[in-house]
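The values are calculated or read from the model by the stated rules, or taken from the named source; none is laboratory data. The shown structure was predicted, so the numbers you read here are calculated from the model rather than taken from an experiment. Heads up, the Cβs are rebuilt from the backbone with ideal geometry, glycines too, and the neighbour counts pull from every protein chain shown. Each accessible area value is taken on the protein alone, full model and side chains, heavy atoms only, with ligands, DNA and RNA left out. Shrake-Rupley method; radii C 1.70, N 1.55, O 1.52, S 1.80 Å.
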Amino acid sequence: ASPRLAARKLDALTDTIETACRYGVKVSANIVIPDHDHVERVLRIIEQHGRDVIVRMLVNLEDDGASLAAMREVLDHLGAVPDLRVITAGASDQRTRYRLPDGRTLYAKSIRPVRLPDTCTGCRFNNDRDCQEGYYGVRMYRAKNGPFMIGVCIQRMDLCLPLGEFVMSQRCTEVRNFRDDETARLTALHRAPDHESTRN
């Protein structure tokens, strides 16, 4: 609504990035791409900041068809080639790292359909419409005039527990066991073939 205010915010963002890079602070930028209309904006950001900032493109969860197509358009325009897939065990985050012709990297981030086995079972949001992000991982909050709180769902703040209580809780054990089980499952699923057994 205010081009002048937007310009000041963009200038402040550029100053922040330049200051962080000057002092060796790692900078990452998450950019949601809703549809084709945002492709030019994303390309401009990558061109302006792509050498100093780790850019991660995110799919718009509310309309992944148009969003995925727009992300593909950006990758095709840049001549990006995938060279690494990263899956976070025990959480819904996954991303693909792309290499650009000039050596820069670009990440495309998406969501896996992940649910906590106990906490999410029976939850009223546990469906594809109301819970598109799934279990993304623990988040830390600060209660107003109160302690740090740990949450496991961006829609269920009632599940938050004070930090000390969370560490000792069954929910913490569930999160840890789920991560360990996922690590074992994903490692087995994506393990490189055993060349010795292949020859036999």
query = Based on DSSP H runs of at least 4 residues, each adding -39500 (n - 2.57), what is the mean residue ellipticity at 222 nm of the chain after dividing by all its residues, to the nearest 500 deg cm²/dmol?
reply = -12000 deg cm²/dmol
query = Relative to the Cα centre, what is the charge dipole magnitude of the chain, using +1 at the beta carbon of each Lys and Arg, -1 at the beta carbon of each Asp and Glu, and rounding to the nearest 20 debye?
reply = 500 debye
query = Which aspartates and glutamates have a Cα lying under 17 Å from the Cα of LYS9, excluding residues fewer than 8 positions away in the same chain?
reply = GLU18
query = Counting only complete DSSP H runs, which helices of the chain cover 18 Å or more along their long axis at the Cα atoms and score a mean Kyte-Doolittle of -1.0 or above?
reply = 3-22, 64-78
query = Whats the longest run of the chain with zero GluC sites (Glu not before Pro) that are DSSP loop and have at most 16 other Cβ atoms within 10 Å?
reply = 63-132
request  = For MET57, list long-range residues whose amide hydrogen, built 1.01 Å from N in the peptide plane, is under 5 Å from its own amide hydrogen.
outcome  = ILE31, TYR107, ALA108, LYS109
ask   = Which of ASN127, ASN145, ASN177 moves most in a GNM of the chain, Cα contacts under 10 Å?
value = ASN145
Karplus 3J(HN,Hα) series, Hz, for region 23-34 with 6.51 cos²θ - 1.76 cosθ + 1.60 (x for Gly, Pro) = 9, x, 8, 5, 10, 10, 10, 9, 10, 7, 10, x
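Round to a whole number: what % of the accessible area of the chain belongs to carbon and sulfur, probe 1.4 Å? Present the calculation step by step, with values, prior to reporting the outcome.
Working: 6900 of 13040 Å².
Ligands and nucleic acids excluded, carbon and sulfur give 53 percent.
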For the chain, built as a Gaussian network whose Cα springs stay under 10 Å, the top-fluctuating residue of ILE111, ILE33, ILE154 = ILE154
message = One quarter of the convex hull surface, Cα atoms only: what value does that give for region 3-111 in nm²?
response = 7.9 nm²
task = Give me the accessible area per residue for the chain, probe 1.4 Å, as a whole number in Å².
result = 65 Å²
key: Debye, to nearest 20: dipole size of region 109-200, +1 on Lys, Arg Cβ, -1 on Asp, Glu Cβ   = 320 debye
ask   = Using θ = phi - 60° and the Karplus curve 6.51 cos²θ - 1.76 cosθ + 1.60, what whole-Hz ³J(HN,Hα) does each residue of region 134-141 get, with Gly and Pro shown as x?
value = x, 7, 8, x, 6, 10, 9, 10
query = Mind checking which of ASP11, ASP181, ASP130 has the largest fluctuation in a GNM of the chain, springs on alpha carbons under 10 Å?
reply = ASP11
note = Rounded to the nearest 0.05, FRET efficiency between ILE31 and ALA184 (Cβ-Cβ, R0 22 Å) equals 0.10
ask   = Just how large is the dipole of region 43-113 about the Cα centre, in debye to the nearest 20, putting +1 at every Lys and Arg Cβ and -1 at every Asp and Glu Cβ?
value = 300 debye
